[in-house]
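Undergrad: Can you read through this structure? Questions will come right after.
Read the figures in this text as sums done on the coordinates, not as results from a lab. Being a predicted model, the structure only gives us computed values, none of them experimental. FYI the Cβ positions are ideal-geometry reconstructions off the backbone, even for glycines, and counts take in every protein chain you see.
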């Protein structure tokens, strides 16, 4: 019927299609039929959108733009005054254009262009800031431990035979043996006669991983290292931030080898049961939500940590330390991590830390921070050893006075704590001072987490002076002035030669 009336049905549209009675029609393909339906659907959507926009416009006019509405009553005057001042811009529009419509379009286009420029500039800046992590060739000195593992260490200061004091420093999370006391000068160590030894924790840097690492094994590694580097006397341990957990372990498991300890912003297990409610609340309130979440994962779901570590510091790209460790830093800490000397140190230390590319040591270190240590810090208190109970011990005490043996750690403990520290809150040091009254806590009013320990020569001098007193220089090495004893036959032969020379000389003189 449509053909008779001269109307071409949609499915017959195409090139070469006749119009009217007797036209030659060709068969339409499925692809052309799909395109037709898609076009019609798009037209329908456009028409509905236009009608919807008109409806929204009418609703706005009837509800918001009425004379008695809140918007009109409060903003009509300022808008009218602004439009009056900007009315001269209408002269630049074509005569047949409505100013209201034209300036609306111009404003939208301007906003879109600004947004595109901002996104493009941010994308370009991000691309420029991404740097690849550089790992240097291995060059560490290593020792062989009794279990067959190798431990890498780094030595600074005076030699072992002239050292007045020896320090051993385990490093913190995402660090290496290169850290030690960052920026400390060799001249200062020489002035105090200090020998500083730092080492890579198992799996970090060039140290072999430990199959079942815990804090007791960490203390034993420190003990074996002291024997290997010729430390015959007691030594001091240094702890910074989360690396202090290994310092606490040394004080617990090898106290007879430790002369003393000094720590800066020492970390305490945030889940420690002996912390009171105030200390716990003040500790957790200082941390970011992401940091709290990472502690939760380390304690409950450590299998999820590799996902985050591989996407951050194990990805091979450089980024800010506060972002990777989810730290909230104060103004002074933010300033020091932006300095060139810190950036250079951070890149070198980070590259050495992740040298092996193994995520397991980092997971182990994170779990150690929040799990059961196997001891409490209160165990380090000096106390009398229990002598036993019962009638037998009572009768024995009547005839022989029992010797009161002391347990715990007998040496001094110094702690420096920045009161503006948001990484290791001051509440942790206050907790340590509460359960270890003998520990000396030095409060730093305007210092953060990095400012007192990193690249501060005056701060380093203050710490060494507080612990060791006035500098006395290295020990004098005694030199044996007695010549070595030679073989007896060589001595007799030498004496005979000297006698012959004397006789010849004497005869010559007599002859003359």
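Undergrad: So what's the stretch 216-307 giving for Rg/Rh, alpha carbon basis, Kirkwood Rh from the mean inverse pair distance?
TA: A ratio of 1.07.
Undergrad: 7 Å from Cα along Cα→Cβ at both residue 37 and residue 54: what's the point-to-point distance in nm?
TA: Distance between the two pseudo-spin positions: 2.9 nm.
Undergrad: Got the relative contact order for the stretch 215-326 handy, in percent, Cα pairs under 8 Å and 6 or more residues apart?
TA: The normalised contact order for the stretch 215-326 reaches 20 percent.
Undergrad: Could you calculate the FRET efficiency of residue 478 with residue 259 from 1/(1 + (r/R0)^6), where r is the beta carbon distance between them and R0 is 25 Å, rounded to 0.05?
TA: Values: r = 23 Å, r/R0 = 0.91.
So the FRET efficiency works out to roughly 0.65.
Undergrad: Within a 10 angstrom radius of the beta carbon, how do 145, 48 rank from fewest other beta carbons to most? Present the calculation step by step, with values, prior to reporting the outcome.
TA: Working: 145 18, 48 10.
In order of increasing Cβ crowding within 10 Å: 48, 145.
Undergrad: Apply 1/(1 + (r/R0)^6) to the Cβ-Cβ distance of residue 107 and residue 442, taking R0 = 56 Å, and write down the FRET efficiency to the nearest 0.05.
TA: Calculated transfer efficiency: 0.40.
Undergrad: So between residue 46 and residue 63, what do we pick up on full extension, going 0.36 nm a residue minus the alpha carbon distance?
TA: Values: separation 17, 0.36 × 17 = 6.12 nm, distance 2.56 nm.
Contour length minus the Cα-Cα distance gives 3.6 nm.
Undergrad: Can I ask one more? Volume per residue, Å³, of the convex hull around the alpha-carbon atoms of the stretch 238-363?
TA: Convex hull of Cα atoms, per residue: 156 Å³.
Undergrad: Here's a follow-up. Give the order of 456, 242 when sorted by the count of other beta carbons within 10 angstrom, beginning with the fewest. If you can, show how the numbers build up before the last one.
TA: Working: 456 19, 242 24.
Starting with the residue having the fewest Cβ neighbours, the order is 456, 242.
Undergrad: Let me ask something additional. Take 74, 414 and order them by how many other Cβ atoms sit within 10 Å, fewest up front. Could the numbers behind the result be given before it?
TA: Details: 74 10, 414 17.
Listed from fewest to most nearby Cβ atoms, that is 74, 414.
Undergrad: Label point 7 Å out from residue 164 along Cα-to-Cβ: which residues of the stretch 441-481 have amide N under 16 Å?
TA: Residues passing the 16 Å test: 461-478.
Undergrad: Taking 30 Å as R0, compute the FRET efficiency from the Cβ-Cβ separation of residue 461 and residue 371 and round it to 0.05.
TA: Working from the Cβ atoms, E equals 0.20.
Undergrad: If each residue of separation counts as 0.36 nm, what is the full-extension length gain between residue 216 and residue 114 once their alpha-carbon separation is subtracted?
TA: Difference between extended and current length: 30.7 nm.
Undergrad: Let me ask you something else. If you split all Cα-Cα distances of the stretch 260-299 into 10 Å bins from zero, what percentages do you get per bin, shortest first?
TA: Bins of 10 Å from zero give 23, 52, 22, 3 percent of pairs.
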